[in-house]
């Protein structure tokens, strides 16, 4: 494969691209209706205190155990609501100061048994970080091939004689061989971007700042922890609220926790707390907790500086969540979070909230059991009247509305329901961290290819089956007793048979045993739990089925088939080892399975010559869609393509940039204004080639058309304002030519200046020239 490096189109480039960073976007979202959110939070607390006091008065004396159990679940929900309010009170927006020159920095990449190709990508990116630094590969797997990789890439290789204390021990061993004043760590799968240190080191001008943390983000958006990323165009995953809300809000109280990757430490502070703590399996949160206890300042910068591998399947999801849960609770217990010295009350509450979230597992278990018990034994979970029922059923509705409003769009009802169904078993087992000893460090495999293991779904499958059987049993018992009903059942029966509205006593207590009301309410509850279980298992199976050895980026890349005739096409998916092409002429070339075709792919950093071995051919509307494996002759060629793919920010400028949903107030205001209810405007984007002087159409870009007819252009060469440029647009139907005029400069949505491939993105506002 050969690479043609690009040159700027103009000799007078525009000013550096304007930035509308992730943190700035979130700060704007928080600023909107902030007083409204705080008002409803205060109202929620007041109403829920009154509700829980009243709720205790309707404990059912005929079924005290079941009734008290239900009351406990509501108390847990109130506690979780309080933590949500506290963790979303004030967003702390950070603007990175310039990085001072001359700091000594070492970048650590600890590894255990991760696949070699994944380690390669991470180490190459770590070495390519722009700020001068040393790069260390810390090999706890003791593999000769990893040592050879370090020698090939020219980084320092460290191997210790044992693997005691896992990742924490590995880093502490590396600290003994490092002389740098600052240390940065990346997990073995996190591919850093070149500007990583540039946006973090400036915070250390404050001598009391000892840690700067950034969020974890991921490139494999088909992983289990994502929700329909390709279909809905969003980037929401189950940690989105933590990194976009909880961590920045904790940062406002100097309580942001470390997450172990994408973090820079001041070496002297680590030395003063005895290095990375080894007492728990979550050395990250334990480190930040000890730093805060020592009185140091930390910083959370809500800007992705690296992209890693999200848990591809349920097994990997459980492996990491159990380690995090057990380790977090163990660390809080070990440091005596309630009574230790050195923390402010706000810091204490923020750390305590990281432990309280695991109450959700027990709450979910009880909410599965309660309707089953009610259906099997005909017991009422509270003294049921029409009035009581209306008030009690409003409690979860208010809680969910509050959660979604406080989440500023990062919380969604059904997404929360699916992932709470996923989390509850591991949250249950994680609470052992409060009582047990340190567990063994179970490293994730870092595989992108997901697998299905039905044993992992046993808890949810059990809940689903038992809930359905309980409904069936309840209906049988109701039938056997002649369908007795209380006041509500009688009301609906008379209304259906007489078409009149009879009087109803809303305070009349429902009779004991099986009634139409009890079976209807408990049956609906149990069916809802079963439905959650079914959708959860469907997601597990679907996500594992749609993953591959290497993540397939759904990015449109123009291609030109090499040959005498110019035959253009468009890539629809691309990975390190595979590609799918849409060729615009069905009879343009004799595509044959097993045959190699050569083509030119126009990437941001320049044109790449690729060889594709055809494995699948389909025809539709006079076009060929060809898919197959990429054939490589050298690692350097493959690295060049990978650098373009893993420079994730450029294609997130147009492909599912957002990760948020509509809040209840957003929906209400849209309805009042008679506007479409949608979280994101659906932009129409096309891959284009822009004419570059005498070289023809060679410069890659993306033309974005918004519903308001405004257009913007993402390109990787500087353009001149007011100038006209010829373009070729690649759609699903064919290639079209037109001209555009640059009207001004647009905003990019990240702080990335250059990708791993050296390409620098620019965004311009453009108009079509007739």
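The values are calculated or read from the model by the stated rules, or taken from the named source; none is laboratory data. Treat the numbers as computed from the prediction; the structure is a model and nothing was measured. Cβ atoms come from the backbone with ideal geometry, glycine included; neighbour counts cover every protein chain shown.
Yes/no matrix, rows are residues, columns are (1) at pLDDT 95 or above; (2) farther than 21 Å from residue 67 by Cβ:
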site	(1), (2)
362	yes, no
367	yes, no
385	no, no
390	no, no
404	no, yes
415	no, yes
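Looking only at residues in segment 96-113 that are modelled with pLDDT of 95 or more, out of contact with any helix residue (DSSP H, G or I) (no Cβ under 7 Å at 6 or more places or on another chain) and in a loop (DSSP other than H, G, I, E, B), which one is farthest from residue 143 (Cα to Cα)? By that ranking, first place goes to 101. Restricting segment 45-70 to residues that are surrounded by 19 or more Cβ atoms within 10 Å (Cβ to Cβ) and within 36 Å of the chain's Cα centre (by Cα), which is modelled with the highest pLDDT? Filtering segment 45-70 for residues that are surrounded by 19 or more Cβ atoms within 10 Å (Cβ to Cβ) and within 36 Å of the chain's Cα centre (by Cα), the one modelled with the highest pLDDT comes out as 70.
Kindly check whether there is at least one residue in segment 329-345 that is within 32 Å of the chain's Cα centre (by Cα), surrounded by fewer than 19 Cβ atoms within 10 Å (Cβ to Cβ) and without any contact (Cβ under 8 Å) to a residue 12 or more places away in the chain. The answer is yes; a qualifying residue exists.
Results for (1) closer than 19 Å to residue 391 by Cβ; (2) surrounded by 16 or more Cβ atoms within 10 Å (Cβ to Cβ); (3) touching a helix residue (DSSP H, G or I) at 6+ places or on another chain (Cβ under 7 Å), shown as yes or no for each residue.
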| site | (1), (2), (3) |
| --- | --- |
| 480 | no, no, no |
| 483 | no, no, yes |
| 486 | yes, yes, yes |
| 491 | yes, yes, no |
| 495 | no, no, no |
| 498 | no, no, no |
| 503 | no, no, no |
| 513 | no, no, no |
| 519 | no, yes, yes |
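Screening segment 530-551 for residues that are touching a strand residue (DSSP E or B) at 6+ places or on another chain (Cβ under 9 Å) and more than 15 Å from residue 226 (Cα to Cα) and picking the one that is surrounded by the most Cβ atoms within 10 Å (Cβ to Cβ) gives 550.
If you go through segment 394-401 one residue at a time, do you hit one that is in contact with a helix residue (DSSP H, G or I) (Cβ under 6 Å, 6 or more places away or on another chain) and buried (at least 20 other Cβ atoms within 10 Å of the Cβ)? Taking every residue of segment 394-401 in turn, none turns out to be in contact with a helix residue (DSSP H, G or I) (Cβ under 6 Å, 6 or more places away or on another chain) and buried (at least 20 other Cβ atoms within 10 Å of the Cβ).
In this structure, residue 464 does not qualify as over 16 Å from residue 539 (Cβ atoms) and in a helix (DSSP H, G or I). Among the conditions (1) within 21 Å of the chain's Cα centre (by Cα); (2) touching a residue at least 60 places away in the same chain (Cβ under 8 Å), the only one that residue 372 does not satisfy is (1).
For segment 161-188, which positions are within 16 Å of residue 141 (Cβ to Cβ), part of a loop (DSSP other than H, G, I, E, B) and modelled with pLDDT of 95 or more? Result: 187, 188. The set of residues in segment 618-642 being farther than 28 Å from residue 117 by Cβ and either at pLDDT 90 or above or not in a loop (DSSP other than H, G, I, E, B) (or both) consists of 618, 619, 620, 623, 624. Of the numbered criteria (1) modelled with pLDDT of 95 or more; (2) crowded, with 23+ Cβ neighbours inside 10 Å; (3) not assigned by TED's automatic domain parsing to the domain that holds residue 186, the one residue 301 fails is (3).
When residues in segment 131-158 are screened for being in a loop (DSSP other than H, G, I, E, B), touching a helix residue (DSSP H, G or I) at 6+ places or on another chain (Cβ under 9 Å) and over 25 Å from residue 320 (Cβ atoms), 4 of them pass. Quick check, is residue 271 out of contact with any helix residue (DSSP H, G or I) (no Cβ under 6 Å at 6 or more places or on another chain), assigned to a helix (DSSP H, G or I) and either within 16 Å of residue 325 (Cα to Cα) or at pLDDT below 95 (or both)? When the stated conditions are applied, residue 271 does not pass them. Residues that are over 27 Å from residue 195 (Cα atoms) and crowded, with 24+ Cβ neighbours inside 10 Å do not occur anywhere in segment 246-259. Only residues that are in a helix (DSSP H, G or I), over 21 Å from residue 440 (Cα atoms) and touching a helix residue (DSSP H, G or I) at 6+ places or on another chain (Cβ under 8 Å) were counted in segment 297-350, giving 3. In summary, residue 719 fulfils each of the numbered conditions (1) in a loop (DSSP other than H, G, I, E, B); (2) within 32 Å of the chain's Cα centre (by Cα) with the single exception of condition (2).
When you look at residue 238, is it buried (at least 21 other Cβ atoms within 10 Å of the Cβ), out of contact with any strand residue (DSSP E or B) (no Cβ under 6 Å at 6 or more places or on another chain) and over 14 Å from residue 299 (Cβ atoms), yes or no? So residue 238 passes the test. Looking at 722, 758, 734, just one residue is touching a strand residue (DSSP E or B) at 6+ places or on another chain (Cβ under 7 Å) and at positive phi, and that residue is 722.
Summed over segment 714-770, the residues that are under 22 Å from residue 559 (Cβ atoms) and without any contact (Cβ under 8 Å) to a residue 24 or more places away in the chain give a count of 2.
Residues in segment 151-170 that are crowded, with 22+ Cβ neighbours inside 10 Å and either touching a strand residue (DSSP E or B) at 6+ places or on another chain (Cβ under 6 Å) or not assigned by TED's automatic domain parsing to the domain that holds residue 124 (or both): 167, 170.
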